[in-house]
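Undergrad: Sharing a structure, written as structure tokens. Questions coming.
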């Protein structure tokens, strides 16, 4: 049997000390895919890096809001371009 973890926060700072060990345990389990959901802009960037490093990890990034950006349209377009270039960003 295979499992798909559809909502993990592997980017969270509480995993900074042992993140690689935890990911290795996940790889050894029956979990074949993981979505690491960033819940902040920085967390989303970490989630993308994890998806680039590990074949079975995908990233889900936080919605881009005006609160975080002064020029929303430009940043939304940047997100769309990144998504086109990286098929592991959901």
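The values are calculated or read from the model by the stated rules, or taken from the named source; none is laboratory data. Quick caveat: nothing in here was measured; it's all calculated off a predicted structure. Here Cβ is always computed from backbone atoms with ideal geometry, including for glycine, and neighbour counts include all displayed protein chains.
Undergrad: Looking at (1) modelled with pLDDT of 90 or more; (2) surrounded by fewer than 18 Cβ atoms within 10 Å (Cβ to Cβ); (3) more than 14 Å from residue 89 (Cβ to Cβ), which one does residue 52 not meet, given that it meets all the others?
TA: Here residue 52 meets the rest and fails (3).
Undergrad: Is it the case that residue 66 is surrounded by fewer than 15 Cβ atoms within 10 Å (Cβ to Cβ) and at pLDDT 85 or above? It would help to see each step written out before you state the result.
TA: Working: surrounded by fewer than 15 Cβ atoms within 10 Å (Cβ to Cβ): yes; at pLDDT 85 or above: no.
No; evaluated as a whole, the condition is false for this residue.
Undergrad: Which condition from (1) modelled with pLDDT of 90 or more; (2) surrounded by fewer than 16 Cβ atoms within 10 Å (Cβ to Cβ); (3) farther than 14 Å from residue 89 by Cα is the one that residue 42 breaks?
TA: Unmet condition: (1).
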